[in-house]
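Asks: Got a structure for you, questions after.
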(Lines give C-alpha, C1' and ligand atoms only; values in the text may rest on other atoms or scores of the structure.)
Protein backbone atom coordinates (compact mmCIF):
# COMPACT_ATOMS: atom_id res chain seq x y z
CA UNK A 1 0.00 0.00 0.00
CA UNK A 2 1.42 3.34 -1.01
CA UNK A 3 2.07 5.91 1.70
CA UNK A 4 1.68 9.62 1.45
CA UNK A 5 5.06 11.33 1.79
CA UNK A 6 5.53 14.58 3.63
CA UNK A 7 8.44 16.79 2.63
CA UNK A 8 10.53 18.37 5.33
CA UNK A 9 13.75 20.33 5.05
CA UNK A 10 16.71 19.39 7.22
CA UNK A 11 20.18 20.97 6.97
CA UNK A 12 19.39 22.40 3.56
CA UNK A 13 18.36 19.05 2.06
CA UNK A 14 14.89 17.64 1.51
CA UNK A 15 13.99 14.55 3.48
CA UNK A 16 10.80 12.62 2.94
CA UNK A 17 9.13 11.19 6.03
CA UNK A 18 6.16 8.81 5.79
CA UNK A 19 2.93 10.28 7.08
CA UNK A 20 1.17 8.71 9.99
CA UNK A 21 -0.85 5.80 8.66
CA UNK A 22 -4.58 5.48 9.15
CA UNK A 23 -4.17 2.73 11.74
CA UNK A 24 -1.74 4.82 13.77
CA UNK A 25 -4.06 7.82 13.60
CA UNK A 26 -6.92 5.64 14.82
CA UNK A 27 -4.94 4.34 17.79
CA UNK A 28 -3.73 7.85 18.60
CA UNK A 29 -7.28 9.22 18.66
CA UNK A 30 -8.51 6.24 20.66
CA UNK A 31 -5.74 6.61 23.23
CA UNK A 32 -6.72 10.24 23.70
CA UNK A 33 -10.10 9.10 25.08
CA UNK A 34 -9.64 7.92 28.64
CA UNK A 35 -13.20 6.62 28.95
CA UNK A 36 -12.77 4.47 25.85
CA UNK A 37 -9.47 3.08 27.15
CA UNK A 38 -11.04 2.22 30.50
CA UNK A 39 -13.94 0.54 28.71
CA UNK A 40 -11.52 -1.40 26.51
CA UNK A 41 -9.68 -2.62 29.61
CA UNK A 42 -12.97 -3.79 31.16
CA UNK A 43 -13.99 -5.58 27.95
CA UNK A 44 -10.57 -7.23 27.70
CA UNK A 45 -10.86 -8.42 31.30
CA UNK A 46 -14.34 -9.85 30.65
CA UNK A 47 -13.14 -11.67 27.53
CA UNK A 48 -10.16 -13.02 29.46
CA UNK A 49 -12.45 -14.28 32.24
CA UNK A 50 -14.74 -15.92 29.68
CA UNK A 51 -11.85 -17.65 27.91
CA UNK A 52 -10.20 -18.73 31.15
CA UNK A 53 -13.44 -19.94 32.79
CA UNK A 54 -12.33 -23.62 32.92
CA UNK A 55 -8.99 -22.63 34.46
CA UNK A 56 -10.56 -20.27 37.02
CA UNK A 57 -13.14 -22.79 38.12
CA UNK A 58 -10.45 -25.48 38.32
CA UNK A 59 -8.48 -23.25 40.67
CA UNK A 60 -11.62 -22.82 42.78
CA UNK A 61 -12.27 -26.54 42.58
CA UNK A 62 -15.87 -26.24 41.35
CA UNK A 63 -17.90 -26.53 38.15
CA UNK A 64 -21.12 -24.84 36.99
CA UNK A 65 -23.42 -27.89 36.92
CA UNK A 66 -22.72 -29.91 40.08
CA UNK A 67 -25.50 -29.80 42.70
CA UNK A 68 -24.64 -29.36 46.39
CA UNK A 69 -27.83 -30.15 48.34
CA UNK A 70 -25.95 -30.02 51.64
CA UNK A 71 -25.19 -26.32 51.12
CA UNK A 72 -28.86 -25.23 51.05
CA UNK A 73 -31.44 -25.31 53.82
CA UNK A 74 -34.40 -27.28 52.47
CA UNK A 75 -36.46 -26.41 55.55
CA UNK A 76 -36.31 -22.74 54.55
CA UNK A 77 -37.09 -23.32 50.89
CA UNK A 78 -33.54 -23.83 49.67
CA UNK A 79 -31.80 -20.77 51.13
CA UNK A 80 -27.99 -21.12 51.07
CA UNK A 81 -26.45 -22.16 54.37
CA UNK A 82 -23.93 -19.79 55.90
CA UNK A 83 -23.34 -16.04 55.76
CA UNK A 84 -23.61 -13.95 52.59
CA UNK A 85 -25.28 -16.67 50.56
CA UNK A 86 -22.80 -19.41 51.41
CA UNK A 87 -19.58 -17.58 50.58
CA UNK A 88 -16.56 -19.58 51.71
CA UNK A 89 -13.08 -20.61 50.67
CA UNK A 90 -14.57 -23.33 48.46
CA UNK A 91 -17.33 -21.15 46.98
CA UNK A 92 -15.92 -17.67 46.38
CA UNK A 93 -19.24 -15.98 45.51
CA UNK A 94 -21.60 -18.33 47.35
CA UNK A 95 -23.99 -20.90 45.95
CA UNK A 96 -27.22 -20.87 44.01
CA UNK A 97 -30.44 -21.20 46.06
CA UNK A 98 -32.29 -24.55 45.90
CA UNK A 99 -29.54 -26.27 43.86
CA UNK A 100 -26.33 -25.28 45.65
CA UNK A 101 -24.46 -24.84 42.36
CA UNK A 102 -21.40 -22.62 42.58
CA UNK A 103 -22.15 -19.02 41.62
CA UNK A 104 -18.61 -18.10 40.61
CA UNK A 105 -18.45 -21.01 38.17
CA UNK A 106 -21.86 -20.21 36.71
CA UNK A 107 -21.00 -16.52 36.40
CA UNK A 108 -17.73 -17.13 34.55
CA UNK A 109 -19.25 -19.74 32.25
CA UNK A 110 -22.24 -17.44 31.75
CA UNK A 111 -19.82 -14.81 30.42
CA UNK A 112 -18.75 -17.27 27.72
CA UNK A 113 -22.35 -17.85 26.65
CA UNK A 114 -23.48 -14.21 26.76
CA UNK A 115 -20.42 -12.78 25.01
CA UNK A 116 -20.20 -15.67 22.55
CA UNK A 117 -23.84 -15.42 21.50
CA UNK A 118 -23.58 -11.63 21.12
CA UNK A 119 -20.39 -11.79 19.04
CA UNK A 120 -21.70 -14.61 16.83
CA UNK A 121 -24.96 -12.76 16.22
CA UNK A 122 -23.01 -9.60 15.35
CA UNK A 123 -20.88 -11.51 12.81
CA UNK A 124 -24.05 -12.88 11.16
CA UNK A 125 -25.64 -9.44 11.07
CA UNK A 126 -22.55 -7.76 9.59
CA UNK A 127 -22.03 -10.49 6.99
CA UNK A 128 -25.62 -10.40 5.72
CA UNK A 129 -25.95 -6.63 5.99
CA UNK A 130 -22.73 -5.85 4.11
CA UNK A 131 -23.42 -8.42 1.39
CA UNK A 132 -26.99 -7.30 0.68
CA UNK A 133 -26.18 -3.59 1.09
CA UNK A 134 -23.36 -3.70 -1.46
CA UNK A 135 -25.40 -5.91 -3.81
CA UNK A 136 -28.34 -3.47 -3.69
CA UNK A 137 -26.13 -0.45 -4.38
CA UNK A 138 -24.15 -2.04 -7.24
CA UNK A 139 -26.91 -4.15 -8.78
CA UNK A 140 -29.47 -3.22 -11.37
CA UNK A 141 -32.46 -1.09 -10.50
CA UNK A 142 -34.84 -4.03 -10.06
CA UNK A 143 -32.38 -5.78 -7.74
CA UNK A 144 -31.94 -2.62 -5.70
CA UNK A 145 -35.71 -2.21 -5.34
CA UNK A 146 -36.19 -5.88 -4.40
CA UNK A 147 -33.43 -5.92 -1.77
CA UNK A 148 -34.43 -2.51 -0.40
CA UNK A 149 -38.05 -3.58 0.11
CA UNK A 150 -36.92 -6.83 1.71
CA UNK A 151 -34.64 -4.85 4.04
CA UNK A 152 -37.56 -2.56 4.95
CA UNK A 153 -39.59 -5.62 5.94
CA UNK A 154 -36.75 -6.95 8.12
CA UNK A 155 -36.32 -3.57 9.81
CA UNK A 156 -40.04 -3.31 10.50
CA UNK A 157 -40.11 -6.71 12.21
CA UNK A 158 -40.07 -6.48 16.02
CA UNK A 159 -36.91 -8.30 16.99
CA UNK A 160 -38.07 -9.62 20.35
CA UNK A 161 -41.46 -10.88 19.14
CA UNK A 162 -39.99 -12.63 16.09
CA UNK A 163 -37.23 -14.18 18.20
CA UNK A 164 -39.76 -15.42 20.74
CA UNK A 165 -41.84 -16.99 17.97
CA UNK A 166 -38.92 -18.70 16.25
CA UNK A 167 -37.26 -19.95 19.42
CA UNK A 168 -40.53 -21.37 20.74
CA UNK A 169 -41.09 -23.67 17.74
CA UNK A 170 -37.54 -25.01 17.33
CA UNK A 171 -36.93 -28.42 18.99
CA UNK A 172 -35.10 -28.26 22.29
CA UNK A 173 -32.50 -30.72 21.00
CA UNK A 174 -30.93 -27.96 18.88
CA UNK A 175 -28.02 -26.27 20.73
CA UNK A 176 -29.66 -23.25 22.33
CA UNK A 177 -26.74 -20.75 22.27
CA UNK A 178 -26.19 -21.43 18.55
CA UNK A 179 -29.91 -21.08 17.89
CA UNK A 180 -30.17 -17.76 19.74
CA UNK A 181 -27.16 -16.36 17.85
CA UNK A 182 -28.63 -17.42 14.50
CA UNK A 183 -32.11 -16.07 15.22
CA UNK A 184 -30.86 -12.70 16.46
CA UNK A 185 -28.40 -12.45 13.58
CA UNK A 186 -30.92 -13.37 10.88
CA UNK A 187 -33.46 -10.82 12.10
CA UNK A 188 -31.26 -7.89 13.10
CA UNK A 189 -29.21 -7.12 9.96
CA UNK A 190 -31.57 -4.58 8.37
CA UNK A 191 -30.07 -1.35 9.71
CA UNK A 192 -26.51 -2.21 8.78
CA UNK A 193 -27.67 -3.12 5.25
CA UNK A 194 -29.20 0.34 4.94
CA UNK A 195 -26.01 2.01 6.13
CA UNK A 196 -23.83 0.01 3.73
CA UNK A 197 -26.16 0.68 0.78
CA UNK A 198 -26.18 4.43 1.41
CA UNK A 199 -22.38 4.56 1.78
CA UNK A 200 -21.84 2.46 -1.34
CA UNK A 201 -24.18 4.63 -3.44
CA UNK A 202 -22.13 7.67 -2.45
CA UNK A 203 -18.73 6.06 -2.97
CA UNK A 204 -19.42 4.53 -6.37
CA UNK A 205 -19.80 8.00 -7.89
CA UNK A 206 -16.29 9.08 -6.88
CA UNK A 207 -13.56 9.56 -9.46
CA UNK A 208 -11.30 6.70 -8.43
CA UNK A 209 -14.20 4.23 -8.63
CA UNK A 210 -15.15 5.56 -12.07
CA UNK A 211 -11.52 5.24 -13.17
CA UNK A 212 -11.45 1.63 -11.98
CA UNK A 213 -14.65 0.94 -13.91
CA UNK A 214 -13.21 2.50 -17.07
CA UNK A 215 -10.06 0.40 -16.64
CA UNK A 216 -12.16 -2.73 -17.10
CA UNK A 217 -12.52 -3.89 -13.51
CA UNK A 218 -15.53 -6.03 -12.76
CA UNK A 219 -18.25 -5.05 -10.31
CA UNK A 220 -17.07 -7.32 -7.52
CA UNK A 221 -13.42 -6.40 -8.09
CA UNK A 222 -14.36 -2.76 -7.59
CA UNK A 223 -16.37 -3.66 -4.50
CA UNK A 224 -13.52 -5.70 -3.01
CA UNK A 225 -10.67 -3.30 -3.80
CA UNK A 226 -12.28 0.15 -3.67
CA UNK A 227 -15.61 0.08 -1.81
CA UNK A 228 -15.24 -2.41 1.05
CA UNK A 229 -12.11 -0.74 2.50
CA UNK A 230 -13.89 2.62 2.35
CA UNK A 231 -16.99 1.43 4.23
CA UNK A 232 -14.98 -0.46 6.85
CA UNK A 233 -15.07 2.44 9.33
CA UNK A 234 -18.88 2.82 9.58
CA UNK A 235 -19.32 -0.96 9.58
CA UNK A 236 -16.83 -1.44 12.44
CA UNK A 237 -18.46 1.40 14.36
CA UNK A 238 -21.96 -0.02 14.00
CA UNK A 239 -20.76 -3.54 14.80
CA UNK A 240 -19.16 -2.30 18.02
CA UNK A 241 -22.50 -0.81 19.05
CA UNK A 242 -24.39 -3.97 18.04
CA UNK A 243 -22.56 -6.22 20.52
CA UNK A 244 -24.07 -4.68 23.71
CA UNK A 245 -27.50 -4.65 22.06
CA UNK A 246 -27.20 -8.36 21.28
CA UNK A 247 -26.08 -9.12 24.83
CA UNK A 248 -29.23 -7.41 26.11
CA UNK A 249 -31.41 -9.31 23.64
CA UNK A 250 -29.89 -12.66 24.64
CA UNK A 251 -30.37 -11.86 28.32
CA UNK A 252 -34.00 -10.86 27.71
CA UNK A 253 -34.75 -14.02 25.73
CA UNK A 254 -33.15 -16.21 28.39
CA UNK A 255 -35.02 -14.33 31.10
CA UNK A 256 -38.30 -15.01 29.26
CA UNK A 257 -37.48 -18.72 29.15
CA UNK A 258 -36.95 -19.17 25.40
CA UNK A 259 -33.22 -18.51 25.25
CA UNK A 260 -30.45 -20.52 26.86
CA UNK A 261 -31.87 -23.38 28.93
CA UNK A 262 -30.52 -24.80 32.21
CA UNK A 263 -28.14 -26.28 33.13
CA UNK A 264 -26.19 -24.17 30.61
CA UNK A 265 -25.32 -20.99 32.51
CA UNK A 266 -26.22 -17.60 31.08
CA UNK A 267 -26.53 -14.25 32.81
CA UNK A 268 -30.07 -13.78 31.53
CA UNK A 269 -31.02 -17.33 32.46
CA UNK A 270 -29.57 -16.80 35.96
CA UNK A 271 -31.86 -13.79 36.38
CA UNK A 272 -34.95 -15.85 35.49
CA UNK A 273 -35.46 -17.19 39.01
CA UNK A 274 -33.33 -14.69 40.91
CA UNK A 275 -36.11 -12.15 41.48
CA UNK A 276 -37.68 -14.26 44.25
CA UNK A 277 -34.38 -14.57 46.15
CA UNK A 278 -33.32 -10.94 46.36
CA UNK A 279 -33.94 -10.84 50.13
CA UNK A 280 -32.66 -14.27 51.17
CA UNK A 281 -29.70 -14.37 48.73
CA UNK A 282 -29.24 -10.91 47.15
CA UNK A 283 -25.97 -11.81 45.43
CA UNK A 284 -27.87 -14.33 43.28
CA UNK A 285 -29.64 -11.34 41.68
CA UNK A 286 -26.97 -8.68 41.96
CA UNK A 287 -24.05 -10.62 40.46
CA UNK A 288 -25.52 -11.44 37.01
CA UNK A 289 -27.35 -8.11 36.87
CA UNK A 290 -24.15 -6.25 37.72
CA UNK A 291 -22.17 -8.25 35.17
CA UNK A 292 -24.70 -7.41 32.47
CA UNK A 293 -24.71 -3.73 33.41
CA UNK A 294 -20.91 -3.42 33.42
CA UNK A 295 -20.53 -5.34 30.15
CA UNK A 296 -23.17 -3.38 28.25
CA UNK A 297 -21.88 -0.05 29.60
CA UNK A 298 -18.25 -0.85 28.74
CA UNK A 299 -19.10 -2.04 25.22
CA UNK A 300 -21.29 1.01 24.60
CA UNK A 301 -18.57 3.43 25.72
CA UNK A 302 -15.97 1.53 23.69
CA UNK A 303 -18.20 1.58 20.61
CA UNK A 304 -18.72 5.32 20.93
CA UNK A 305 -14.95 5.78 21.33
CA UNK A 306 -14.30 3.75 18.18
CA UNK A 307 -16.84 5.86 16.31
CA UNK A 308 -15.08 9.04 17.39
CA UNK A 309 -11.63 7.68 16.53
CA UNK A 310 -12.69 6.49 13.08
CA UNK A 311 -14.50 9.71 12.15
CA UNK A 312 -12.05 12.63 11.80
CA UNK A 313 -14.96 15.08 11.57
CA UNK A 314 -16.18 14.07 15.03
CA UNK A 315 -12.63 14.34 16.36
CA UNK A 316 -12.19 17.83 14.90
CA UNK A 317 -15.54 18.96 16.31
CA UNK A 318 -14.51 17.73 19.74
CA UNK A 319 -11.32 19.76 19.55
CA UNK A 320 -13.13 23.05 18.87
CA UNK A 321 -12.60 25.36 21.79
CA UNK A 322 -10.34 22.94 23.67
CA UNK A 323 -6.99 23.76 22.12
CA UNK A 324 -4.39 26.16 23.32
CA UNK A 325 -5.21 29.82 23.36
CA UNK A 326 -4.23 31.64 20.22
CA UNK A 327 -1.00 33.49 20.70
CA UNK A 328 -1.39 37.22 20.58
CA UNK A 329 -0.02 39.02 17.57
CA UNK A 330 2.89 41.41 17.98
CA UNK A 331 0.66 44.45 17.65
CA UNK A 332 -1.67 43.09 20.38
CA UNK A 333 0.95 42.46 23.07
CA UNK A 334 0.64 44.30 26.38
CA UNK A 335 2.11 47.78 26.35
CA UNK A 336 1.74 48.13 22.60
CA UNK A 337 -1.39 49.52 20.99
CA UNK A 338 -2.72 48.18 17.74
CA UNK A 339 -3.08 50.34 14.70
CA UNK A 340 -6.83 50.23 15.00
CA UNK A 341 -6.69 51.42 18.57
CA UNK A 342 -4.39 54.29 17.59
CA UNK A 343 -6.69 55.33 14.80
CA UNK A 344 -9.69 55.29 17.15
CA UNK A 345 -7.84 57.32 19.73
CA UNK A 346 -6.92 59.87 17.04
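Asks: When you look at residue 146, is it without any contact (Cβ under 8 Å) to a residue 40 or more places away in the chain and either in a helix (DSSP H, G or I) or out of contact with any helix residue (DSSP H, G or I) (no Cβ under 7 Å at 6 or more places or on another chain) (or both), yes or no?
Replies: Criteria met by residue 146.
Asks: Another one. Can you tell me which of 23, 111, 50, 118 is free of Cβ contacts under 8 Å to residues at least 40 places away in the same chain, at negative phi and in a helix (DSSP H, G or I)?
Replies: 23
Asks: Of the residues 265, 234, only one is touching a residue at least 12 places away in the same chain (Cβ under 8 Å), farther than 29 Å from residue 165 by Cα and either part of a loop (DSSP other than H, G, I, E, B) or under 15 Å from the mean Cα position of the chain (by Cα) (or both); which?
Replies: Checking each option against the conditions leaves just 234.
Asks: While we're here: I'd like to check something: does segment 162-181 contain any residue that is surrounded by 19 or more Cβ atoms within 10 Å (Cβ to Cβ) and over 30 Å from residue 283 (Cα atoms)?
Replies: Looking for residues that are surrounded by 19 or more Cβ atoms within 10 Å (Cβ to Cβ) and over 30 Å from residue 283 (Cα atoms), one finds none in segment 162-181, hence no.
Asks: Regarding residue 226, is this residue within 22 Å of residue 130 (Cβ to Cβ) and part of a loop (DSSP other than H, G, I, E, B)?
Replies: no
Asks: Can you name the residue in segment 72-87 that is under 22 Å from residue 267 (Cα atoms) and surrounded by 13 or more Cβ atoms within 10 Å (Cβ to Cβ) and is also modelled with the lowest pLDDT among such residues?
Replies: Only one residue tops the list, namely 85.
Asks: Here's another thing I want to ask about it. Does segment 222-240 contain any residue that is buried (at least 20 other Cβ atoms within 10 Å of the Cβ) and within 14 Å of residue 117 (Cα to Cα)?
Replies: no
Asks: Quick one: which residue in 107, 159, 143, 119 is closer than 18 Å to residue 194 by Cα and modelled with pLDDT of 90 or more?
Replies: 143
The values are calculated or read from the model by the stated rules, or taken from the named source; none is laboratory data. Quick caveat: nothing in here was measured; it's all calculated off a predicted structure. Methodologically, a virtual Cβ is constructed for each residue, glycine included, from the backbone with ideal geometry; neighbour enumeration extends over all protein chains shown.
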